[in-house]
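Peer 1: The structure's right below; bear with me while I get my questions together.
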Amino acid sequence: MVGATYLYWGFGGSAGLSALQRAERTADWTVVSVVHAACAFGAGLGAVLLARGRSGRRGGARWPLAVAWTGSAAALSWGAWLTIASLAGEFEGASATSSTCLTYAGQMITGLLGVAVLTRFLMAQRADRPM
């Protein structure tokens, strides 16, 4: 849902944005929104592939690990920063709406869930190897 929201905003949607946010949208803002969407989708896709054990035949778990690691790290770090900054009033001043704050929090939670699945997968791989 977070990725879909960022794609919607990136491609011109304005629901959930304040008047100030709509007025300040630039090409850079659009690119950042699409990158946030890609990171959220990457975190979800990598986590699902690792959780279901579908890591691929040829490359093992390298591709899902890379996607989950990158997507989760980006979603968690940016989601946490945007959530804290918008709640503290430091980011976008008073223009952050409840919809944007919820999207930022959802982005952070998506990253946390991806990290949890990634950690569980790595711990299981470590337990399977003899010392």
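The values are calculated or read from the model by the stated rules, or taken from the named source; none is laboratory data. Predicted model only: the values in this text are computed from it and were never measured. Neighbour counts are summed over all protein chains in view; Cβ atoms, including those assigned to glycine, are modelled from backbone coordinates with ideal geometry. When the accessible area is computed, the model is the full protein with side chains, heavy atoms only, and any ligands, DNA or RNA have been set aside. Shrake-Rupley method; radii C 1.70, N 1.55, O 1.52, S 1.80 Å.
Peer 1: Look at T70 and say whether it is open to solvent by less than 30 Å² (accessible area, probe 1.4 Å), among the hydroxyl-bearing types (S, T, Y) and closer than 26 Å to A116 by Cβ. Give the derivation first.
Peer 2: Values: open to solvent by less than 30 Å² (accessible area, probe 1.4 Å): no; among the hydroxyl-bearing types (S, T, Y): yes; closer than 26 Å to A116 by Cβ: yes.
Spelling it out, it is not the case that T70 is open to solvent by less than 30 Å² (accessible area, probe 1.4 Å), among the hydroxyl-bearing types (S, T, Y) and closer than 26 Å to A116 by Cβ.
Peer 1: In addition: Does A27 qualify as being aliphatic (A, V, I, L, M) and more than 14 Å from M108 (Cα to Cα)?
Peer 2: On the way: aliphatic (A, V, I, L, M): yes; more than 14 Å from M108 (Cα to Cα): yes.
The answer is yes for A27.
Peer 1: If you scan segment 77-131, which residues turn out to be modelled with pLDDT under 80, open to solvent by less than 50 Å² (accessible area, probe 1.4 Å) and of a type in the set (A, V, I, L, M, F, W, C)?
Peer 2: A96
Peer 1: Still on this structure: Is at least one residue of segment 5-27 aromatic (F, W, Y) and at pLDDT below 90? Full working, then the answer.
Peer 2: Going through segment 5-27, the residues aromatic (F, W, Y) turn out to be 6, 8-9, 11.
Keeping just the survivors that are at pLDDT below 90 gives none.
No; the residues of segment 5-27 include none that is aromatic (F, W, Y) and at pLDDT below 90.
Peer 1: Suppose we filter segment 4-32 for residues that are among the hydroxyl-bearing types (S, T, Y), over 11 Å from the mean Cα position of the chain (by Cα) and open to solvent by less than 30 Å² (accessible area, probe 1.4 Å); how many remain?
Peer 2: 1
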